[in-house]
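Chemist: What follows is a single structure, and I will ask about it in a moment.
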Amino acid sequence: MSPLKQGVALSVISSILFATLYYYTTLLYPLEGGAIFAWRVLLGLPAVALLVSRARGWGEVGHTARRLRYEPRLWLLLGLSAVLIGTQLLLFMWAPLHGRALDVSLGYFLLPLVMVLVGRFLYGERLTRIQTVAVFLAACGVGHELLRADAFSWATAVVMLGYPPYFILRRILRMGALSALWFDMLFMLPAALWLLSIQDGNIVDQLRQYPGLWGLIPLLGLISSAALVSYVSASRKLPMGLFGILGYIEPMLLFWVAFLLLDEPMAAAAWFTYLPIWMAVLMMIGEGLYRWIDSAAK
């Protein structure tokens, strides 16, 4: 199999695994979102270490660790980065357990369009005609939701407005993706340990009372780690344009997991929120595919 086909397969697999993880949280009773997030961080650290080792990235990790000795500002920036991405990981684990899975999936649909606006107004990037129309359609969907519900879900807002500062900060840090991910996980570790310590009953009691957790918790780590490894591996094998296009698969799967498997209710009028946004996403996918095929042909 060619590297391109491997990359496509890995990207699709990662999207399926992340969607599986979305549903899997509902099987971990009595664990709440905070505890599931904590276990995901603890069990994810070895996977990130494996990725860094395979990419021979420990040199960059060591360089960043040395910078921490004489750059106090870096502690603040790395801590902020961990808070931003940790909030997203926690919400991802929490939402399916509290009837917010559809809201979070909508945030992931809107995120690429928000990033287009960030590029336009923060970095001076020009919008194509298709991107302009796509942003307009998405704005129609958001406007309809505001008229329909007199509010906009905070969970949707956290996803679509919380990720852009994280990506902006990643640019400021000028670190490799794997090195940044390692420090994100490392800085989240104290919060993960704290969340486990404040759960009702200690870990041993929970495992004794619910013996199924002995198998479910390691499987959580396996699914999460496999999804992360597949995602990062795909990013290294695919052109960025194609990698970005395939990234739209995940929010689509998250929506159907929430709608079909988690059986979250959605008012009929809410379809007029989703349809313009889906049309915008399809336009972005179409433009991305055209550009990638055109560049590949050259």
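Chemist: Being at pLDDT below 95 and touching a helix residue (DSSP H, G or I) at 6+ places or on another chain (Cβ under 7 Å) is the requirement here; does E60 meet it? Give the derivation first.
Modeler: Working: at pLDDT below 95: yes; touching a helix residue (DSSP H, G or I) at 6+ places or on another chain (Cβ under 7 Å): yes.
So E60 fits the description; yes.
Chemist: So, in the range 82-106, how many residues would count as being polar (S, T, N, Q) and within 17 Å of G44 (Cα to Cα)? Spell out the reasoning first.
Modeler: Taking the range 82-106 first, the residues polar (S, T, N, Q) are 87-88, 105.
If we keep only those that are within 17 Å of G44 (Cα to Cα) too, we end up with 87-88.
Counting residues in the range 82-106 that are polar (S, T, N, Q) and within 17 Å of G44 (Cα to Cα) gives 2.
Chemist: Further question on the same structure: For S225, all conditions in the list (1) at pLDDT 85 or above; (2) outside any loop (DSSP other than H, G, I, E, B); (3) more than 19 Å from G57 (Cβ to Cβ) hold save one; what is the number of the exception?
Modeler: Evaluating S225 over (1) at pLDDT 85 or above; (2) outside any loop (DSSP other than H, G, I, E, B); (3) more than 19 Å from G57 (Cβ to Cβ) leaves (3) as the failure.
Chemist: Here's a follow-up. So which residues in the range 264-290 are part of a helix (DSSP H, G or I), touching a helix residue (DSSP H, G or I) at 6+ places or on another chain (Cβ under 9 Å), over 29 Å from P239 (Cα atoms) and small (G, A, S)?
Modeler: Those that are part of a helix (DSSP H, G or I), touching a helix residue (DSSP H, G or I) at 6+ places or on another chain (Cβ under 9 Å), over 29 Å from P239 (Cα atoms) and small (G, A, S): A269, A270.
Chemist: Step by step: first the residues of the range 13-70, then only those that are aromatic (F, W, Y) and open to solvent by 60 Å² or more (accessible area, probe 1.4 Å), then the one that is nearest to the chain's Cα centre (by Cα). Which residue is that? Don't jump to the end; show me each part of the working.
Modeler: Initially, the range 13-70 is screened for residues aromatic (F, W, Y), giving 18, 22-24, 29, 37, 39, 58, 70.
Narrowing further to those that are open to solvent by 60 Å² or more (accessible area, probe 1.4 Å): 23, 29, 58, 70.
On the way: Y23: 15, Y29: 23, W58: 24, Y70: 32 Å.
Looking at residues that are aromatic (F, W, Y) and open to solvent by 60 Å² or more (accessible area, probe 1.4 Å), I get Y23.
Chemist: Can you list residue pairs whose Cβ atoms sit under 9 Å apart, with the first residue in the range 276-297 being without any contact (Cβ under 8 Å) to a residue 24 or more places away in the chain and the second being open to solvent by less than 70 Å² (accessible area, probe 1.4 Å) and among the hydroxyl-bearing types (S, T, Y)? Count only pairs 6 or more apart in sequence or on different chains.
Modeler: L282/Y248
Chemist: Specify the residue that is farthest from G107 (Cα to Cα); the eligible residues are those in the range 71-90 that are aliphatic (A, V, I, L, M) and open to solvent by 10 Å² or more (accessible area, probe 1.4 Å).
Modeler: If we filter the range 71-90 for residues that are aliphatic (A, V, I, L, M), which is where we start, we get 74, 76-78, 80, 82-85, 89-90.
Next cut, open to solvent by 10 Å² or more (accessible area, probe 1.4 Å) only: 76-77, 80, 83-85, 89-90.
Numbers: L76: 27, L77: 25, L80: 21, V83: 18, L84: 15, I85: 15, L89: 13, L90: 15 Å.
The extreme case among them is L76.
Chemist: If you scan the range 182-221, which residues turn out to be over 15 Å from A35 (Cα atoms), open to solvent by 80 Å² or more (accessible area, probe 1.4 Å) and of a type in the set (D, E, K, R)?
Modeler: If the condition is that a residue be over 15 Å from A35 (Cα atoms), open to solvent by 80 Å² or more (accessible area, probe 1.4 Å) and of a type in the set (D, E, K, R), then R208 is the only one that fits.
Chemist: Would you confirm, using the coordinates I've provided, whether L238 is buried (at least 17 other Cβ atoms within 10 Å of the Cβ), among the hydrophobic types (A, V, I, L, M, F, W, C) and at pLDDT below 85? Spell out how you get there, then give the answer.
Modeler: Numbers: buried (at least 17 other Cβ atoms within 10 Å of the Cβ): yes; among the hydrophobic types (A, V, I, L, M, F, W, C): yes; at pLDDT below 85: yes.
In short, yes.
The values are calculated or read from the model by the stated rules, or taken from the named source; none is laboratory data. This is a predicted model, so every value here is computed, not measured. With ideal geometry, Cβ positions are generated from the backbone for all residues, glycine too; neighbour counts draw on all protein chains shown. Note: areas computed on protein heavy atoms with side chains; ligands, DNA, RNA excluded. Shrake-Rupley method; radii C 1.70, N 1.55, O 1.52, S 1.80 Å.
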